[in-house]
Each structure stands twice: as C-alpha cells, then as structure tokens.
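Each remark here refers to the structure printed beneath this line.
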Amino acid sequence: MSRIATTVFICFFVFLALVPNSKLVVEPMSLEVAPSWQKSPPYSQSFGRDVSAIHSDDDGNDKAAAASNDEHHNYHTSNNNNNNNNEVHYQASCHCGRVQYEVIGDPLNAKLCHCRGCQKLHGAPLEWVAVFAKDQVRFPTPTSLEHLYFYSSALDQGWTSVQAPERILPVKVSCSHCRTPIADEGRNMWLAFATLFGFTEEGEQGIPESFRHSCHLFYNQRCIHIPDDKTKWHGHRNQSPEWKPS
C-alpha cells in the first residue's frame with residue numbers, strides 16, 4: 001500500500017473514532033418577536049408614518065384627522081385635566097377578550113356617525129365613537145398588542161402587530177382573532193368604538209355623560225332617523241352644512 005493510501009486510511013479511522021464523541025454546539029437565535037413599540041406605554045403618537053397625500057377612507061373622509069382638527073382646542077388646552085393622576089377611568093375589550101385596553105380620563109367628545117363606511121364596517125346602522133388623545137390610551141399586556149391588526153382603506157393594505165411600526169396612518173384597528181373593530185387610529189387621536197366599554201342605559205354605571213353623543217355625522221346617509229335635539233351634520237362637525245329636515 002502506498003504511503004498516500006496509508007495516510008488516507010489512517011485519517012479515515014481517526015475521523016470515525018472522533019465523530020461519535022463530538023458535540024455540535026448551536027447557539028440559539030434570539031428573535032425579537034414583539035417590536036419595541038409594544039413594550040412602552042402609553043400608545044405613543046409617533047407610531048406609524050404620516051403620508052400627507054393620503055387623507056381619506058373609502059368614503060373620502062378621514063375621520064381621525066377630522067377629529068384631530070375638531071378637538072384641537074380640547075386636546076391642547078385641557079387634554080382632560082383629570083388625566084394628571086394617570087388613573088384608569090374606563091376599560092374596553094373585543095368580543096373574544098384577547099384585546100383589552102384602558103383609557104385615562106374622559107373622552108374629548110363623542111359622536112354618532114351614519115356614513116356608509118361605518119355602516120359596512122360594523123354591519124350596523126351607525127357607529128358610536130368616543131374621541132381620545134392617543135396618550136390617554138394604555139394596553140396593559142403585550143398579549144393585547146399582539147392581537148391588533150391595522151388596515152388602511154385608502155391604501156387597501158393591512159399590517160399585523162409585528163408590522164405595526166410600518167403602518168401608514170390613519171388606519172382602522174381590529175382584533176386579529178375575532179375581527180372585532182376596535183378603533184380608528186389617526187396621527188393624534190384614537191376614535192374608540194364606545195360599545196366596547198360595555199355601557200348600557202340600565203346598567204349599574206349607566207352611560208357616562210362624556211360618552212353621550214354630542215352630534216350626528218353624515219346624517220344624510222343615515223339608515224334610521226334619530227329624533228333627538230343634537231346637531232346633525234351632512235359631513236364632519238363644523239366642516240359641513242347642518243342637516244335640516246325637508
């Protein structure tokens with residue numbers, strides 16, 4: 001046997017002898033499953049990107065932007081003076097309970113919207129919204145944030161919770177599991193769907209005065225007539241003509 005063949009033969013047996021006793025050490029990969037925005041309350045106003053050319057939903061109405069303009073005075077001057085103690089005032093949850101959140105203080109305003117987009121979104125005659133500044137909103141557990149889904153009707157594009165830092169505001173927020181609509185999220189405002197707080201007229205707490213609607217929006221698109229004394233607008237409050245019965 002040649003010297004080269006002998007050398008190969010010996011190396012082969014040495015390899016067989018060593019491999020069974022060898023241990024392959026694999027360092028575990030550290031995956032950041034939850035993005036950083038999930039970890040630090042409050043629900044910061046800086047989340048998401050603002051694209052100035054996009055200001056409309058499928059009805060041509062950006063309700064969150066309109067609410068921000070409408071509540072500018074309340075947000076910047078009072079910002080709900082009773083928010084200073086950071087006490088949780090109200091809690092809301094989706095149908096399956098996977099998404100739960102809290103709000104500090106009372107809403108800046110509450111409205112009933114009768115537009116076609118809200119009718120389709122909720123499968124109901126109207127939408128009841130309570131307007132909060134985004135720094136009033138808290139998600140107490142990472143689990144709730146992990147089940148949020150964001151959708152832009154202007155772009156026809158959605159984002160999961162992991163993709164949330166890339167979402168383009170305004171968006172509609174829902175539970176990714178049971179699909180309950182949660183809120184409309186704008187650049188500064190959180191338009192909470194007030195039914196998720198569980199108020200009822202005959203409940204122990206009743207409906208807080210700050211959650212009672214101050215006006216009707218897009219009343220000319222209504223499915224049902226509500227004969228109350230609240231101002232009824234053709235579009236957004238103070239940005240469209242008042243509706244008057246013919």
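What to note about this one:
- A cut-off of 5 Å between modelled amide H atoms, ignoring neighbours fewer than 5 places along the same chain, links Q157 with S152.
- Summary of packing: across the peptides 160-173, 187-200, the per-residue average of other C-beta atoms within 10 Å ranks them, highest first, as 187-200, 160-173.
- Amide H contacts under 5 Å for N109, placed H, 5+ residues apart: V131
- Most to least packed among 211-223, 234-246 [average Cβ atoms within 10 Å]: 211-223, 234-246
- Per residue, the range 81-201 exposes 39 Å² of solvent-accessible protein surface, assessed with a 1.4 angstrom probe and all protein chains in place.
- Gyration tensor analysis over the Cα atoms of the range 159-228 returns equivalent ellipsoid semi-axes of 28, 17, 12 Å (largest first, whole Å).
- Nonlocal amide H pairs with I168, under 5 Å, H built at 1.01 Å: R49
- Derived scalar couplings ³J(HN,Hα) [the range 133-150; Karplus, 6.51 cos²θ - 1.76 cosθ + 1.60; whole Hz; x for Gly, Pro]: 5, 5, 7, 8, 9, 10, 10, x, 10, x, 4, 4, 5, 5, 9, 7, 10, 10
- Tensor-based shape of the range 87-174 (alpha-carbon gyration tensor, a/c under 1.5 rounded, otherwise prolate or oblate): oblate
- Stretch gain in nm, segment S246-E202, where the contour uses 0.36 nm per residue and the Cα spacing is subtracted: 12.4 nm
- Global form of the range 190-246, assessed from the alpha-carbon gyration tensor, a/c cut-off 1.5: prolate
- A simple spin-label model places the labels of I224 and E209 2.6 nm from each other, with each point 7 Å out along Cα-to-Cβ.
- Pairs over the 19 Å Cα-Cα cut-off, from the set K172/K244; K120/K244; K111/K230; K134/K232; K134/K230: K172/K244; K120/K244; K134/K232; K134/K230.
The values are calculated or read from the model by the stated rules, or taken from the named source; none is laboratory data. If you're wondering where the values come from, they're calculated on a predicted model, not measured in any experiment. Cβ sites come from the backbone with ideal geometry, for glycine too, and all protein chains shown count toward neighbours. Surface areas here come from the heavy atoms of the whole protein model, side chains and all, with no ligands, DNA or RNA. Shrake-Rupley method; radii C 1.70, N 1.55, O 1.52, S 1.80 Å.
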